[in-house]
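The values are calculated or read from the model by the stated rules, or taken from the named source; none is laboratory data. This structure is a prediction, so every number in the text was calculated from the model and none was measured. Positions of Cβ are backbone-derived with ideal geometry, glycine not excepted, and every protein chain shown enters the neighbour counts. For accessibility, only protein heavy atoms count, side chains too; no ligands or nucleic acids. Shrake-Rupley method; radii C 1.70, N 1.55, O 1.52, S 1.80 Å.
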Amino acid sequence: LAGLFRQMLIDSEEGARKRIRGWCDGTYRAVSFADTLGTVESLTRTMLTIIKKGEELTFDFTGTSPENEGPVNAFAHITAAHMAIYLYAYAFHDLPISSGTFAPLNFIVPAGSLLNAGPEAAISQSVYACYQVTVLAPIVFSKMMYASAQRDLVTAGAGNNHTVPFIYAGINQYGARIADLLAY
């Protein structure tokens with residue numbers, strides 16, 4: 001059983017490296033803006049630069065807005081998990097789902113940013129913060145993959161509108177402060 005699991009890790013890493021090798025080397029960028037942040041109206045920016053060299057990808061979120069006092073923040077590992085939503089659905093759709101596919105990936109998520117907030121930051125709406133990652137991924141990957149043999153894996157992004165019909169906060173019936181979102 002341990003050998004089977006190890007082989008799955010090896011196969012997914014080799015498959016990811018092979019897939020990435022087939023894409024065009026270069027630097028690819030996209031930016032997304034979101035309005036309204038907690039109780040304070042504002043504009044946040046999420047920057048994604050992917051540097052593709054050989055069989056490795058570096059996801060660089062430098063230039064993303066700083067963390068905020070509201071709950072729309074995330075930790076770096078949550079940001080990487082949201083990148084997996086795109087990768088496993090499109091670019092790596094036919095590879096075994098395992099951490100092996102992440103071996104050729106590097107993440108630069110600046111500390112203190114919206115996507116790598118400090119340990120005391122509120123992150124109850126990290127899904128909303130990281131939705132920008134799922135918006136930017138297809139944009140950047142389409143630029144990188146369009147001239148490759150995997151051109152058929154290029155997709156249009158969903159846009160910066162997601163299906164979060166209600167984002168709310170307030171005091172519940174027990175007098176405790178709450179904030180949540182009803183989604184999907």
Next item on the list: Determine if the stretch 125-137 includes at least one residue that is of a type in the set (Gly, Ala, Ser), open to solvent by 30 Å² or more (accessible area, probe 1.4 Å) and either out of contact with any strand residue (DSSP E or B) (no Cβ under 9 Å at 6 or more places or on another chain) or modelled with pLDDT of 80 or more (or both).
Entry: no
Note to self: Anything in the stretch 44-74 that is β-branched (Val, Ile, Thr), closer than 28 Å to residue 22 by Cα and surrounded by 21 or more Cβ atoms within 10 Å (Cβ to Cβ)? List them, or say none.
What the structure shows: 46, 50
Next item on the list: Exactly one condition in (1) free of Cβ contacts under 8 Å to residues at least 60 places away in the same chain; (2) part of a helix (DSSP H, G or I) is not met by residue 72; state its number.
Entry: (2)
Check: From 44, 27, which residue is farther than 14 Å from residue 113 by Cβ and more than 15 Å from the chain's Cα centre (by Cα)?
Finding: 27
Notebook entry, point to check: Considering 111, 81, which residue is at pLDDT below 95, among the small types (Gly, Ala, Ser) and either assigned to a helix (DSSP H, G or I) or out of contact with any strand residue (DSSP E or B) (no Cβ under 6 Å at 6 or more places or on another chain) (or both)?
Noted result: 81
Next item on the list: Would you mind telling me which numbered condition in (1) outside any strand (DSSP E or B); (2) over 29 Å from residue 147 (Cβ atoms); (3) open to solvent by 20 Å² or more (accessible area, probe 1.4 Å) residue 94 fails?
Entry: (2)
Notebook entry, point to check: Looking at the stretch 8-39, which of its residues are open to solvent by less than 90 Å² (accessible area, probe 1.4 Å), in contact (Cβ under 8 Å) with a residue 12 or more places away in the chain and assigned to a strand (DSSP E or B)?
Noted result: 26, 27, 28, 30, 31, 32, 34, 37
Notebook entry, point to check: So, of the residues in the stretch 97-111 that are of a type outside the set (A, V, I, L, M, F, W, C) and out of contact with any helix residue (DSSP H, G or I) (no Cβ under 8 Å at 6 or more places or on another chain), which turns out to be surrounded by the fewest Cβ atoms within 10 Å (Cβ to Cβ)?
Noted result: 106
